[in-house]
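The values are calculated or read from the model by the stated rules, or taken from the named source; none is laboratory data. These figures come from a predicted structure and were not determined experimentally. Using ideal geometry, Cβ is built from the backbone for each residue, glycine included, and neighbour counts are taken over all protein chains shown.
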Amino acid sequence: MSGFGGKKSFYLRSAALIGALAPFAASAAQAQESAAPAAEAGDSLPEIVVTAERRRESSQRVPLAIQSIDGEALAQVGYTSVTDLQYVMPGVQYDPTQGAAFQIRGVGSTSFDFSNAKSVSVVVDDVVMDGQRANGLTGLVDIARVDVLMGPQGTLFGKNATSGVIAVSTNQPRLGETTFRGSASYGEHEERILNATVNLPLGDIAALRVSGFEQAQDGFGRNVTLDRLVGSTHEYGGRARLLLEPSDALSFTLSGDYAYHWDSSVRTPVSGQPANVTALLNALGVFPNPKNADTADSSFGEITTEEWGTSLKIEAKLGDHDLTSITAYRYTRYDNSTPASLLPADQYSYIPFNLGALDTDKVSQEIHIASPTGRFVEYLAGFFYNDLRARQTQLQWATLGAPLYDANGTPRPTLIALTGAIGVDGNSSLFDARNETIAGFGQVKFNVTPQLSLTLGGRYTSDSNSQSLDFVTIDPLPIAGYTPNFVGSSAAPALSYGKVKGDNFSYRIAPQFQITPDVLLYATYSTGYKPAGIAFVGNKYAPYRDETVKSWEAGIKSEWFNRRLRVNLDIFRSDFKDFQATILTKIPDGAGGLLDATVIGNAGGLRTQGVEGSIAAQPVRGLTLSGALTYTDAKFTDYVYNATTNYTDTRLTNSPEWSGTAAVDYEHRFDSGFGVRAHADYAYRSEYWTVVGQPAYSRVPGYGLVNGRLTVSLPDSNVEFGVYGRNLFDTYFSTGWQNYGALGILHYTSPNARRTLGGFVNVNF
């Protein structure tokens, strides 16, 4: 049902959340009126400074829902990957199955198509990380802070984003300081994490900051045929930043980073396999079930990602204005070997060879100028150019159920090339895509009175997306060990190249009223846009339309008792038109049948609405209590796939209705000089499912994760040590379910879905 008031349950749940937070605000308001004495340093909550509007300012003054966490808090939680932000920020999810992308307020990109822009932009040190299959950040080392901006963003950031922005800031080099920080930890499942950061002054006007990391852990599933662990990970990389500041009016920051990621996370069987496949699996000690992490495939599945980039940021004072230029280049290589057969090749095979090699590179240029603050008119205006190119070879050679080898060890003479074409030479697909964006953006803020302000923002975007599909021959001998014949799965496309262009103007209107110096009321209306794209579905040319969104948000941000208590609350709604969604369809399998495939297309309508609230308190010095709770009602309002399939009014995938976090932090230093820091947090999400319109088999039950960390520091020492625990109650959950045709229901398992205990030591000087 469409309409903001059309869902009675939405109002009831919104009222429940508002009611839960209202007593805090009401009692705090009374205390505010009684003019409590000023708090001493250390007795109040730290100010949260963000750059959400491309200026450094208090988060409490920004008319926008923002979730923030600093680097120290991230270290206390103990997560190691940017994708783990979903466990510390309610309303943020990560989908590893369909294109590997973030979701905010239930909405995100869920497609493997190369011309599909991300709904949620990850921006690291002002550079948009838009490469397909890349998040632009591996290893959470030397992080200053992470800010998640909820809802459409485009009037202040280079890349348009219809659902939100995850802005990561790393620590800047510091002039005149020589510092070192190192950390080492070891835990269960052979988990080992090493990282170090050094800051070096280079004369009076320059400084260099270098950080590096390595982290790995063993999986808890097993490939019983190859006797290897499934789900293991290994990552390493580093970052260097050189700051040159010849004057107070001019600075240059040259950055470079490199990261490597490897994992053996593959799909494992859950249910629905043919009876003969299940019997064979059972005989080998693999028992499909909702918690199974084992497989018996003859081939080992693994994914490798390698990415690096460089950027130059120039900041200059032009009178009382600030001019910023950001030039960047990024490269990513993503190699996947993800066979899907489940059993030894002489017993049963489905897709024994499934390999892809994706290379992306991008150049971008952003420049913006900002006026000084505190005047009647404040403004920012900018220009953005982005050129992203992707080139992938993909091979899928299948038997679709027949063993790859007979009883005598003779290989099957003919394989079905699911990535080939009937009557065309070539056993593999070659995709070549280019996404080019030119945009101008800006924002004007009118400070009508000391209390009342009005912000108007706009963005004009011109996009050009193109993609081609060719068929190439890859030598099968190094891959399969022999040279078979190949049969294509379907006819070659009538069109093998397509290009779409689009222009859009999106805007933002945001009035705000500062009731008191510590209480802000705001409202926001904004629009957003994603360009149209090109896709090839079963070797058919299948372009899709652009996506637009209209979004409303209203909220209150408040601090009380001399910043000992912080309460924020907002209500939101976004209506999407022609949402670019994943569609489950069937394509020819080359053997006269049909094969299920997920492809991109347009859902006519999508609505997400809900309430977000957060609270933080420091009742006494050294003790901080915090929590956040989000209710999200995200559903398709118009999603008819064909005459027999209607997904209208079904929930979005990977979108729990309720998600929340709670944390306790305590810090104390004894007279003897010993210090102690204790941290505990809880993250909860209610049930959700991972396949559109299929809650029956893709349901992930609601679950909660508890983490803890205890740190002890020595007197007159730069050394601290402690213990940590993630998922202390050993709560299991699955990260994704897929219906893989004759292979039945498969799923992925996250390393976080088990308890991990360990110890660590930190060194600082």
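Some values worked out for this structure:
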item: Test result for Ala510, buried (at least 20 other Cβ atoms within 10 Å of the Cβ), out of contact with any helix residue (DSSP H, G or I) (no Cβ under 6 Å at 6 or more places or on another chain), part of a strand (DSSP E or B) and among the small types (Gly, Ala, Ser); result: yes
item: Every residue from the stretch 638-658 that is part of a strand (DSSP E or B), modelled with pLDDT under 95 and surrounded by 15 or more Cβ atoms within 10 Å (Cβ to Cβ); result: Asp638, Tyr641, Arg651
item: Test for Ser464: is it more than 27 Å from the chain's Cα centre (by Cα), of a type in the set (Gly, Ala, Ser) and at negative phi; result: no
item: Condition met for Thr360 (at pLDDT below 95, in a strand (DSSP E or B) and either within 32 Å of the chain's Cα centre (by Cα) or polar (S, T, N, Q) (or both)); result: yes
item: Looking only at the stretch 158-181, and only at residues there that are among the β-branched types (Val, Ile, Thr) and more than 30 Å from Arg459 (Cα to Cα), the one that is surrounded by the most Cβ atoms within 10 Å (Cβ to Cβ); result: Thr179
item: Single residue of the stretch 319-349 satisfying the filter (small (Gly, Ala, Ser) and part of a loop (DSSP other than H, G, I, E, B)) that is modelled with the lowest pLDDT; result: Gly319
item: Members of the stretch 217-261 found to be of a type in the set (S, T, N, Q) and surrounded by 17 or more Cβ atoms within 10 Å (Cβ to Cβ), listed by number; result: Gln217, Asn223, Thr225, Ser232, Thr233, Ser251, Thr253, Ser255
item: Selection count where residues are assigned to a loop (DSSP other than H, G, I, E, B) and in contact with a Pro (Cβ under 7 Å, 6 or more places away or on another chain), scope the stretch 712-756; result: 1
item: Where a residue in the stretch 282-294 is without any contact (Cβ under 8 Å) to a residue 60 or more places away in the chain and surrounded by fewer than 16 Cβ atoms within 10 Å (Cβ to Cβ) and its partner, wherever it lies, is assigned to a helix (DSSP H, G or I) and of a type in the set (A, V, I, L, M), with Cβ under 8 Å and at least six apart; result: Phe287/Leu281
item: Of all residues in the stretch 187-201 being within 26 Å of the chain's Cα centre (by Cα) and part of a strand (DSSP E or B), the one that is surrounded by the most Cβ atoms within 10 Å (Cβ to Cβ); result: Asn195
item: Some residue of the stretch 94-109 being at pLDDT 70 or above and either in a helix (DSSP H, G or I) or touching a helix residue (DSSP H, G or I) at 6+ places or on another chain (Cβ under 7 Å) (or both); result: yes
item: Hits in the stretch 571-580 - residues which are surrounded by fewer than 23 Cβ atoms within 10 Å (Cβ to Cβ) and not basic (Lys, Arg); result: Ile571, Phe572, Asp575, Asp578
item: Criterion: of a type in the set (A, V, I, L, M) and in a strand (DSSP E or B) - qualifying residue of Ala433, Ala407; result: Ala433
